[in-house]
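The block underneath contains the structure these notes are about, expressed in structure tokens.
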Amino acid sequence: MTFAMIEVEQFGPVRRISHNRPEARNAESRQLLQELDEAVTEAVADDAVRVIVIAGKGDHFSAGHDLKEAQRERADFTVEQRWAFEEVHYYDYCLRIFNAPKPVIAQVQGACVAGAFMVANMCDIIIASEDAVFSDPVAHTLGAAAVEVLVHPWVLGHRKARELLYTGGRLSAAEAEKAGMVNHVVPRDQLEERTLALANKIAEAPPFALRLLKRSLNRSLEAQGFAIALAAHFDTHQLSHVSEAFKAARDKGLSTAIRKHGGD
Ligand code: ZN
């Protein structure tokens, strides 16, 4: 399979899948998300891959969903069309990363905003460089009830998650590490090397043991209601897409709205 918007590299037992639209701050277009999903599926099926890394080429992990494309192709979607599109591209694709039967590490530098925040937080571990910045400003910028996958309280704790979402603010790499959302913060020039070192360390364990271990760890979240809470939020998020505030943001131009706030 050849890809146009992502890059796939193999380092021994580690498969690195990178967002690769640096000229567009790695904005996640429909095609990019589809390619990312296919690359994750291939990595899962390939016995030579023991650990998966999800990364971004260039200065940023990703600025989130491609809102210029959304404005162009999906601004007039009906409820039914938007539901179907977002369920596949924003929800199912994300959950497949969470449910991948191999450890997945997010390697994050620069902006990790909104849709990209969900992708990074579906991973088992996050390694960030010192310049990484995390945010989900869409309540402020688009009138949407956060992004489609409300993973924030699970990875940040309720207090930090509420503040981040209510203010539309940003978390620095250091703040994200302090909150337990990020495992390690490293200098930008050591990000790839430190991520691969950790991936290789994990890859020393037998794959079946890792697979069962991840299954149990995921189930410990599911026993607390993780899957049902995420599914319920997806429905609520869809309701926010038909609100007057969202329509007003759409009429002004989605990408303009979010740029004004310093997001995408
Ligand atoms: Zn949405």
* Asked: Any idea which of ALA257, ALA205 is at pLDDT below 95 and either within 16 Å of the ligand (Cβ to nearest atom) or surrounded by fewer than 15 Cβ atoms within 10 Å (Cβ to Cβ) (or both)?
  -> ALA257
* Structure fact -> Across segment 50-62, the tally of residues that are crowded, with 23+ Cβ neighbours inside 10 Å and touching a Gly at 6+ places or on another chain (Cβ under 7 Å) stands at 3
* List the pairs whose first member sits in segment 70-96 and is more than 10 Å from the ligand (Cβ to nearest atom), whose second member is at pLDDT below 95 and of a type in the set (Asp, Glu), and whose Cβ atoms are under 9 Å apart, counting only residues at least 6 apart or on separate chains? -> ALA75/ASP251
* Residue match in segment 231-249 (condition: of a type in the set (Ser, Thr, Tyr), modelled with pLDDT under 90 and either in contact with a His (Cβ under 7 Å, 6 or more places away or on another chain) or not in a loop (DSSP other than H, G, I, E, B) (or both)) -> no
* To do: Scan segment 145-162 residue by residue and report those that are away from the ligand (no atom under 14 Å from the Cβ), of a type in the set (A, V, I, L, M, F, W, C) and crowded, with 22+ Cβ neighbours inside 10 Å.
  => VAL151, LEU156
* To do: Starting from segment 226-242, take each residue that is over 17 Å from GLU80 (Cα atoms) and list its partners that are within 11 Å of the ligand (Cβ to nearest atom) and at pLDDT 95 or above, counting only C-beta distances under 7 angstrom and pairs at least six apart or across chains.
  => LEU230/VAL149
* So which residues in segment 75-120 are polar (S, T, N, Q) and either surrounded by fewer than 22 Cβ atoms within 10 Å (Cβ to Cβ) or modelled with pLDDT under 95 (or both)? -> THR78, GLN81, ASN99
* In segment 63-74, which residue that is among the aliphatic types (A, V, I, L, M) and in contact with a Ser or Thr (Cβ under 9 Å, 6 or more places away or on another chain) is surrounded by the fewest Cβ atoms within 10 Å (Cβ to Cβ)? -> ALA70
* **Subset of segment 123-144 (residues that are hydrophobic (A, V, I, L, M, F, W, C) and either away from the ligand (no atom under 16 Å from the Cβ) or under 17 Å from VAL186 (Cβ atoms) (or both))** => CYS123, ILE125, ILE126, ILE127, ALA128, ALA132, VAL133, PHE134
* Asked: When you scan segment 121-139, how many residues do you find that are buried (at least 20 other Cβ atoms within 10 Å of the Cβ) and in a helix (DSSP H, G or I)?
  -> 2
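The values are calculated or read from the model by the stated rules, or taken from the named source; none is laboratory data. Treat the numbers as computed from the prediction; the structure is a model and nothing was measured. Don't worry about glycine lacking a Cβ; one is built from the backbone with ideal geometry, like all the others, and counts go over all protein chains shown.
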